Each structure stands twice: as C-alpha cells, then as structure tokens.
C-alpha cells in the first residue's frame, strides 16, 4: 500500500508524478518476489504506454532485473486475463481497507471525487480545520474547497 503521505511527498518534490510513483512501487514489488518473473503485464497509467514501460524497464535494470519482459498497455485489463484478475484483487483489497478506515474516521463514502458523500466529508473536515491522515494534501479535489 502507498500512503497518502508518500503520494504527497512525491507530488510536492517536483521529482516525479503519480505514474513515476506507480512504476517505483511496481518495481519494488517485483524485486521482493522470491522468484524473478519471466514477464510482467501492466495496465499503463500513462496514456503513452511505451513511456511507462520504458520507465519500468529502466527501474528493473537498475535492480539487476533487466531480463524481465515488460508488457504495459492501456486497457490491459481488457486484453489480458491476468491483469483483469489482478485488478479485481486490488479492488477487493481497497474495499476492505476503506471499510477499516471508516471504522476510524467515519463514513467518508467511496473516497472518489465524484462521490457526494466523500465531498461532504472533506468539506466537514475543512470546516473543522482538520484533515485526517487518510487525505492526500496534494489531492486536486481539495482545491475545489479552497484548501
């Protein structure tokens, strides 16, 4: 899991963006495996999938994993069943994490910017002058409220 603070740090450091952070975390996960995979399939967060795959290849190479084949495409979850399965697992894990966080911070909805309950939660927090640590300070949604 990547914490809101890690995301904020990456975005405010001027040394990268969310895609860079995702590539770094992906490579960290691959590096932690007991066996090196032959290939990895990724749903590219970058609209230019080659740019993302090049980034991942470079990071893998810097860790001595230059033999791993990287297949990164936009919409890979629709083309590769393994990516679809990983996406489902990630969503289930996220949903469980959200439910645990709600026990601590109250019902903040889905956490997505299109959710009125999430927006209400943010507005209430800002009104009280406190943003809980689950809220990214760099989240553009906060700017809607002048934060």
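Counting only residues that are farther than 27 Å from residue 41 by Cα and either surrounded by 13 or more Cβ atoms within 10 Å (Cβ to Cβ) or outside the structural domain of residue 70 (by TED's automatic domain parsing) (or both), the stretch 80-102 holds 2 of them.
Scanning the stretch 61-77 for residues that are touching a strand residue (DSSP E or B) at 6+ places or on another chain (Cβ under 9 Å) and more than 14 Å from residue 22 (Cβ to Cβ) yields 68, 69, 71, 73, 75, 77. Taking the condition assigned by TED's automatic domain parsing to the domain that holds residue 15, surrounded by fewer than 18 Cβ atoms within 10 Å (Cβ to Cβ), in contact with a strand residue (DSSP E or B) (Cβ under 8 Å, 6 or more places away or on another chain) and over 19 Å from residue 90 (Cα atoms), does residue 38 pass? Yes: the conditions hold for residue 38.
Residues of the stretch 53-70 that are buried (at least 17 other Cβ atoms within 10 Å of the Cβ) and out of contact with any helix residue (DSSP H, G or I) (no Cβ under 6 Å at 6 or more places or on another chain): 53, 57, 65.
Being part of a helix (DSSP H, G or I) and over 30 Å from residue 135 (Cα atoms) is a property that residue 50 has. Each residue in the stretch 29-45 was checked for being over 19 Å from residue 83 (Cβ atoms) and free of Cβ contacts under 8 Å to residues at least 24 places away in the same chain, and 3 of them qualify.
Of everything in the stretch 27-47 that is outside any helix (DSSP H, G or I) and over 23 Å from residue 78 (Cα atoms), the residue that is nearest to the chain's Cα centre (by Cα) is 33.
The values are calculated or read from the model by the stated rules, or taken from the named source; none is laboratory data. Predicted model, so just to flag it, every value in this text is computed and none were measured. Note that we place each Cβ from the backbone using ideal geometry, even for glycine, and neighbour counts take in every protein chain shown.
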